[in-house]
Every structure is written in C-alpha cells, then in structure tokens.
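Chemist: If you scroll down you'll find the structure; I have some questions about it.
The values are calculated or read from the model by the stated rules, or taken from the named source; none is laboratory data. Everything numeric in this text was worked out from a predicted model, so none of it was measured. Here Cβ is always computed from backbone atoms with ideal geometry, including for glycine, and neighbour counts include all displayed protein chains. Only protein heavy atoms, including side chains, enter the accessible area calculation; ligands, DNA and RNA are left aside. Shrake-Rupley method; radii C 1.70, N 1.55, O 1.52, S 1.80 Å.
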Amino acid sequence: MKNTTEQLVGSVQRPAKRKTLRGHIVEIVSDSGEGAQKAGQTFGAISAKMGNGVWTVEIIPADIQPPARTKESASGIRIRLGSNIVTNAGNEADLVVAFNEVVPYARIEQKAFREGTLFLIESKWAEDKSESIRNSYAKAIDDFRQRGYVIYEIPMEKECLKWVANPKQGKNMWVLGLLCNIYQRELELASSQVKHTFRKKSQAVVDSNLKLLNAGYEWAEENLDFQFEIPSPKMEQELVVMNGNEALSFGVVAAGIELCSMYPITPATSTTHHLAEYIENAGGIVHQAEDEIAAIGFAIGSAYAGKTAVTITSGPGLALKTEFIGLAVMAEVPLVIIDVQRGGPSTGLPTKVEQSDLLAVLYGQPGDTPKVVLAASTIEECFQFVILARKIAEAFRTPVILLSDANLGTGVQPFPRPTIQPDWFSGPIDQSPWKESVGPYAWDKQTGLSRRPIPGQPGGEYTLTGLAHSEAGKVTYEPELNQHSSAMRSRKLAAFGRTLKPPVVHGDQEGDLLLVGWGSTRGAIEEAVDEARELGGKVSSVHLRFLSPMEPGLKDIFQRFKKVKTVELNYSDDLNDPLITPENRRYAQLAWLLRASTLVDIDCFSNVQGQPMRPGRILQMISKELNL
Amino acid sequence: MFGLNTECVLDIPQKYFTLNDYEKGNARWCPGCGDHAVLSSVQKLCRDKQLPPEKTVFVSGIGCSSRFPHYMDTYGFHGLHGRAFPVASGVKFRRPDLNVFVITGDGDCCSIGAGAWLHAIRYNINLTVLLFDNQIYGMTKKQTSPTSRMGTVSNTHPHGSVLPPVNPLQTTLGVSNVSFVAQTADWIPGHLYATIKAGFEHQGFSFIKIMVRCTKFMGDLANEMTSHRERLFMLSHENGIQPDEATTRLFSHQVAHDPSDIGKARELSESDDIHLGLFYQNKNALRYDEYGAHNLGFTVEQKMAAVNAELDRYAV
C-alpha cells in the first residue's frame, strides 16, 4: 500500500529500455505561459484513468508577469504517480522536462531534484542567435551533469516545427506525447483526454494538438532508450480531478450553503473564484465584503436570520475575524469558517504551506470560546468536511472551523466522483410559531444544547447579544449565570465528542514509536511509516480529523507505544538549540494540546520551511529514533 | 417559498398590534437622555406601519444607543462595536421579508465602524439607519467622539479636543450610490417621527442622523441646542420631510431644498447652520439587496443539478 520514496533510477547510468516501477515523480518546468501546467494536468488525468494514484501540484511564479528565462519565471507542475493511492507530492523528482536551462534553478533552490534525476531539456538554446544564451545553456548543462542529473537534450521546438508554424503553441502537447510514451500511457486514452482538455476550442486546434501529441509519442519511441511502467488495475469508477480549494467550493454548494461571504486572501481565495463561477446556479451568492471583519459579520447576520453561511480566509484574515468568532461562540450562531492555512506569523509566507493556526483557532479569542475544529487530510475530505461542518454547526448551534492548508489547496488529486445526496443540503428556514415559554437559550443541562428562534418565528422574539445572558436571552451580571452559561457552551463540545470514534491506528496497535499528525501531512506520514515498517521499524501513526473536541481514546493508544511524537508543519524549538531545555522548550501546536490533555510526554518533529512535509524527511527521523 | 417571498403571499395581519406589542422592559438610559424619545418614535412607527414583531429586526453595535434592541419586543442583534452594518446587511441580503433597522452611535458608526459605514452606503441595502449622534462617548464615561466639536472637554482631552470633527452628513453625501440622507433632533418629536417614517418608507439605505442630547456628559451642549431654536433651519419641500403643522410652526426658519439636488445637499451639510430635514433622496440608486435576493428559494433538486453539472466539468 505505498509508493517507495527511493526510486529505482538511483545511479547515473542510463536505464534499460523498459522498467517497472511502483511510482515516479515528474516535473515540467517552463517560463510562465508555455502550457506546462495544462500538459501536466492532462498527463495526470490520463494516468488516473489508467488506474494510477496521482497527486499534482502547480509551480506558480510569485510575480504576475515575470521576465522570461529567469528563476522568477519558473512555472510548471509536479505530477507524482503511483501504483496505489498517492497522497502527497513526495520527495525529489525522478524525471524533469525543462523548457529552458534557467528555470530549473528555481527548483534546484527548492531541492526538488536529486542525483540521477532524468533531465529532459529543450536543446534549441545551444544554437541560439545570442551568444550569451548559448553560453548560459552550455554552462548550465555542465552544471546539471556535475549535480548528477542524467541529461537528455531534446529538440522539442525543432520537432514541433515539422507539424505547426508556431511551436510556442503546442510544444506542451508534444511534451505530453513524449511523457505518454515514456510512461506507456494508452495513446487512445491520451487522445480522448486531449480532446476533453480542448473541448471548448475549434476542431483545428484540437487536430493540431492531437498531431503534436502523436509526434511527441513517436519521437520518444524512436529516440529514447528508456520507458517506465507503473502498473495499476484500470480505474472503472468515474473520477473527478480537482484541487483542495475547488473541493471546498464543491462542499459549500453540496452542503446547501447559500452565502459565502469573503475578502480576498491567499491561498484561500481560489475557493471563492470557483464558487463564484457557479454558486448562483445553485441558488447561492458569493459576497465580496469590504474587509475580513465585515465578511464574517455579514455571514453571521445571514446565519442569525436562518441561512447558515460560510466565510473563507487564511491566517491574517482569521486574526481579524477574532472578535466575531467570539460573538458567534457566545451567542451560539451556527457558522462555517474555513481557514486555508499559510505560513506565518503576520503576512508570513502567503503562498506556502504551514499548520500554524491550530492554537489560534482554538484559543485566539479572548474569554473561553469552545467551538468545533476539524481538519481535512485529503482533497476528498476538503469536499466532505464542509458538508459535515454545516451539519455540526446547525445541530450544535456553534461556529465550526474547518482547517485546510496551502498544500491541500493547490494539490490536485483524482478521487471517485461523489454521489450527491439530497440530505446534504440545508432544509428550509423554520418559520413556525415559537412556544413563548421557551427561552432562546433553553440549555439542556446534560448536553448544553438549545434550539434557537429564527427571525420570522412569531413568539420567538429575542435580542441576540454578546453580553453575558440568561436562558431567556436577558443581559445578566449574575456571577452564577455566567458560570452556568459558560458551562453549557463547553458542554456542547463534550456532547459532540461522545459521537466520535477513536482514530484508527495506521500500522500495529503497539510498538516503539507512534507518530501523530493532523491535516495535510497524513499521506507523507503514512508513507514514511510504511517504509520504515518494511525496514523492520515498530512504528505506527494516528491522524486526527477532530481537534476540538479531540477524538476519544488517544491516551489509551499513546500508552501502547514507547514514544509518541507529533509531525507538524509549525514551529517548535529544537532541544539542541542554545538556551533550550525540556522545561522552556516551545512545542509544536498539536504536541502542546496532546501533552496537556493526556499527560503523556509527547515529542514533536516540525518545521516552518513552507514546503509540504516530505515522506523522506519523516523516514529519516524515524530511522534515527529507531536506529534503523 | 419558505416564507421568504412576501410578494406572492397575501399578508393579512392576524391582529392589530398596539404600542405594547413593541415595548420590552424599562429603558435604562439616563433620565433626560435623548434616546428615550427615539425609542418612543420608533415604537410608534412600528405600530402605525403594523410591522409584525417577528418580521422586524433591530441590529446595533456597542454604546449607549446600541442597547436599543433590548427595549424592543421584536427580534434584535446587539453585536460588536462598529459592526452593525455588515451584520444588518447579512440579515437583509437573503431575507427580504424582514424589516431591518440599524441602531448606531457616533463612535460606533463614525469611528470604529467607519469602514463598514462607507461600504454600507454604497451597497444601498434596504435598511433604516438611525445614527444617534450625541458628540460624546457616554457608555465608557465621557471620551472625545469623532463628532465632538473642536475644544470639547472630555476625559481623554481635558484641555479640549484638538481635531475638527467628522461631519457624518457630509461624509455620507460624498459616497457613491448614496440614496437617502436626513437629519432630525430628539427634542422635536414631530420632526423626529416624520423623518424616521420617511426613512422607513424609502427603499434603500436610509441614513438618518439624529442629534441626541447627552444631558449627563454634554449638558451645556444640550441646553444650547434646545434653548436656541432660531439656529435650527427646517428643510422644506414637497418631496421632503413633511411634519405636522404644529411641528412646522416650531421652526422660525425654513429653507426650501429639493432633495434631488445633491450639490445643494452637500453645500447645506457643510454649512455652519443646522438643518433638519431631508438632504438627499434618490429612489433609483442601485440596491445590492435586490441582487442578493435574485435567486432565492431553489429546490434541493435544482441545487443537486447545479452541483452535478459542475462536477461534470471536473470528471476525467
């Protein structure tokens, strides 16, 4: 059930013609605007149809129009393929297609390649009119060789010119053909996928791209001395391919949420771009508010009036929403808040991944603010958890915060097409008469739950307030009442916690080391655990979906392992750092929570380098811990 | 559908609502506070318009005046300081069947909530907005307000405030898509009532600045206002505020002003004289709540079809 992180092409020797692999990582790197992403997404879709597990992630330049042939211009895509399900972007790339010799340096900076990486590079720069370009190319090729990459200089544009007048348009499809040959994709399947990709274009465009696809395929067959096979049973189920932000958007509409109130912020906003395209066909609206505070205020107004709304943001926006989140907790307003986490603190790393908002969502509001917090760990869960979040919000009359992150937001993965269920959608607003003897906060003492009157219900008139209030909704300064109402809001979490099952342990139920993760690191952790287990390590992992309330039974699980360690993408002190002692060490965020709630001496492995957690790094850590 | 579309339902009131149906508890404002008069006027308006209490929502921020919803036996939302506008807009956006009022003060609207205020004017959502302007922070015990006249002595400026005040009428009239701007005073009940009524009847964002006396902290100002009636000019026009004759007689000066003339309205708002009445009205300004309500009441089947159609685009 895994894809090895160390691939078979390990030496600098050229591989034999056909090799069977369990997985491979491909990158296409180009100047922005050369279509690398379209080629990569199409290649991913073809591979998914052939049954491969696929994870793609786009390489996006930070500037809008960077100059060509610069590191800043590097644009492209990483496609990770596996025989089985792939849940993360993996380690270093095994094969790279580069459209020029400059852009790969952006990826080298990110340590994206390794010794032995197959390096397929456009060769036309060797004969460029400009001497400086010719020199630059020659110098880079030397450098790549020294780095241990296996260089294949490929006349991409020259070959394209045999078929089209302007190779700038269509080179990407020639490269797609090349990749389809290398990875033995069915040409018929590839052709139909290309037709699908260009279905909105004219027949001439489709035909020209098909010609290039075939040409690239044929050229590889005749000229390359290697091919790979990643065998998988062919996928019969219908698949959908999307990134985590698009999955969130589908979740919003499939939950029946009719209002998304947002303010633009990276990396969350692309969710609302997708929503804005079609939510109105489903009876909903995206409201772009004047600021983050107004965005959540507008959503709360709508929720108060009976239409549970969603607001979508990222770290800095979450900080601004703090006061309103406190109000939603205090006044028990159902609301879905989605936080697509990025690097922090402050403006931080807007486009990079981090899991640093956990403690902020739990404890960021002044006063005691119990609320439900859950974190998606796959792209499919981004979809499902929005539907779940709305249901919890309404049933428990509480804000629910759903955590995703930049890795899930931009990672693309195929998953079985969901069958949309009618009971996912919110029902009509209750406008029936309210029994006047029942207060707006008639808390059930056992569960803390109460029903809320909605404007329009005669007899239910009350004034929602952020001031301490009684069951009747009256402002109160009585000490006992504030104690009681706080207990009731807290009790709801305990009541909800009773509905949760203990998490499933990945691997054996006991052993030497247990890794605990949450959110987007799941795939990397489980992959590393599987590999370590193959090496004989007694290691397992647990992945938490619910952070508040926590899933039950954690202490029992932890006690069956000699050591417990969280794996997270947030900051923690290293015990080897100057001045750091076991007493003053600041732990990773989940580790803090688990140490407090279980009294187990839990360690943590974390970083804030803005990159998705690589399975290879986790494996290294496990090997060190277990002396593998 | 779902009780949302009032147009297609013949709404016959089940009973006649009396003032008592809108009153709740005893207002805890200071004796002599101008807020009491506004509360009475609003309750009277609700009675005269026979607004069903369950279909009426008062949204406020934080401050003395923002306690208002607690004294109305309707639905209410006493939210955060400066944030009444986004909440009220969110209430109204998808619930056109509700009558939504915004209760805000000079600190709430013109200082901490100023950003939301500007955009609320631009959205022109059908809300009746009552700005209680007493030129001082009362609830937190006498700090300078954004509308305090320069030189106002307060706990934060014991030697007198040092900045010229924000002029809420001028500001509102300067925002694009503004649709209704009026000014009235708590101590002239006939004019107060007529202005709130005109604001309620206007379909759009009705901004009503009410000069409110704070006898506790701004006693001198209150005395000056009430004892120098000659300084108050009533704006009169056939399309303006039409108070009863007795009220009209209270004004020694009247100024004819056509409320469709925004240039003149801006001039008047910047004048040193105090004008009561309708400064500006545009019944045709674009309303964002009409966009908000354009696709209400979809069935689950329609929603499922929309999701499935979009999923088709992502199928491979």
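Chemist: Where the only charges are on Cβ atoms (+1 Lys, Arg; -1 Asp, Glu), what is the dipole of chain A about its Cα centre, to the nearest 20 debye?
Modeler: Charge dipole, chain A, about its Cα centre: 700 debye, nearest 20.
Chemist: Now a separate question. If you take each beta carbon of peptide B:292-302 and count the beta carbons of other chains within 10 angstrom, what is the mean?
Modeler: Taking all residues of B:292-302 together, the mean is 5.
Chemist: Rounded if a/c is under 1.5, else prolate if a/b is larger than b/c, else oblate: which is region A:343-420, with a ≥ b ≥ c the root eigenvalues of its Cα gyration tensor?
Modeler: Oblate is the answer for region A:343-420, as a/c is 1.5 or above yet b/c matches or exceeds a/b.
Chemist: With each run of n ≥ 4 DSSP H residues scored as -39500 (n - 2.57), what mean residue ellipticity at 222 nm is computed for chain A after dividing by its residue count and rounding to the nearest 500 deg cm²/dmol?
Modeler: -10500 deg cm²/dmol
Chemist: On the accessible surface of chain A, probed at 1.4 Å, how many percent belong to carbon and sulfur atoms?
Modeler: 51
Chemist: Can you tell me the orientation of helix B:189-201 relative to chain B, as the angle in degrees between its alpha-carbon axis and the longest Cα principal axis, to the nearest 10?
Modeler: 20
Chemist: Using alpha carbon centroids, what distance separates region A:457-480 and region A:431-455, in Å?
Modeler: Region A:457-480 and region A:431-455 have Cα centres spaced 11 Å from each other.
Chemist: For chain A, find the longest principal axis of its Cα atoms and tell me its angle to the long axis of helix A:187-197, 0 to 90°, nearest 10.
Modeler: Approximately 50 degrees, to the nearest 10.
Chemist: Taking chain B as a Gaussian network, Cα atoms linked when under 10 Å apart, which of B:L250, B:L276, B:L39 shows the biggest mean-square fluctuation?
Modeler: B:L250
Chemist: Just to verify a number: FRET efficiency for A:N482 and A:I580, C-beta to C-beta distance, R0 = 51 Å, to 0.05?
Modeler: 0.80
Chemist: Determine the shape class of the protein assembly as shown: with a ≥ b ≥ c the square roots of the Cα gyration tensor eigenvalues, call it rounded for a/c under 1.5, and otherwise prolate if a/b is greater than b/c, oblate otherwise.
Modeler: prolate
Chemist: Nearest 20 debye, what's the magnitude of the dipole of chain B about its Cα centre given +1 on Lys and Arg Cβ and -1 on Asp and Glu Cβ?
Modeler: Roughly 680 debye, rounded to the nearest 20.
Chemist: Something else about it: So what is the relative contact order of region A:304-374, in percent, for Cα pairs below 8 Å that sit 6 or more residues apart?
Modeler: For region A:304-374, the relative contact order is 32 percent.
Chemist: Angle, helix A:479-497 long axis vs. longest principal axis of chain A, Cα atoms, 0 to 90°, nearest 10?
Modeler: 40
Chemist: Between region A:313-350 and region B:248-309, how far is it from one alpha carbon centroid to the other, in angstrom?
Modeler: Spelled out, the Cα-based centre of one part sits 32 Å from the other.
Chemist: How much area per residue is accessible in the protein assembly as shown when the probe is 1.4 Å and only protein heavy atoms are counted (Å²)?
Modeler: With all protein chains present, the protein assembly as shown gives 39 Å² per residue.
Chemist: Does region B:105-250 classify as rounded, prolate or oblate by the C-alpha gyration tensor (a ≥ b ≥ c root eigenvalues; a/c under 1.5 gives rounded; else a/b over b/c gives prolate, otherwise oblate)?
Modeler: Judged from the Cα gyration tensor, region B:105-250 comes out oblate (a/c at least 1.5, b/c at or above a/b).
Chemist: Okay, next question. What's the total accessible area buried between chains A and B, using a 1.4 Å probe, rounded to the nearest 100 Å²?
Modeler: 5400
Chemist: Going down the list A:K129/A:K195; A:K352/A:K492; A:K195/B:K303; A:K139/A:K171, which pairs span over 27 Å between their C-alpha atoms?
Modeler: A:K129/A:K195; A:K352/A:K492; A:K195/B:K303
Chemist: Let me ask you something else. Please report the relative contact order for region A:511-626, taking Cα pairs under 8 Å with a sequence separation of at least 6, and give it as a percent rounded to a whole number.
Modeler: 33
Chemist: Also, I was wondering about something else. Under a plain spin-label model, where a point goes 7 Å from the Cα along Cα-to-Cβ, how far apart in nm are B:I262 and A:A494?
Modeler: 5.9
Chemist: List the residues of region A:387-433 for which accessible area in the full set of protein chains is at least 10 Å² lower than for the chain on its own; 1.4 Å probe, protein heavy atoms only.
Modeler: Listed by number, the residues meeting the 10 Å² cut-off are A:R417, A:P418, A:I420, A:P422, A:F425, A:S426, A:P428, A:I429, A:Q431.
Chemist: So for chain A, averaging the separation of alpha carbon pairs under 8 Å that are six or more residues apart and normalising by length, what relative contact order in percent results?
Modeler: In percent, rounded to a whole number, it is 12.
Chemist: Taking the Cα centre of region A:241-419 as origin, sum charge times position over the Cβ atoms of Lys and Arg (+1) and Asp and Glu (-1), and report the length of that vector in debye to the nearest 20.
Modeler: Charge dipole of region A:241-419: 240 debye, to the nearest 20.
Chemist: At a 1.4 Å probe radius, carbon and sulfur cover how many percent of the accessible area of chain B?
Modeler: 52
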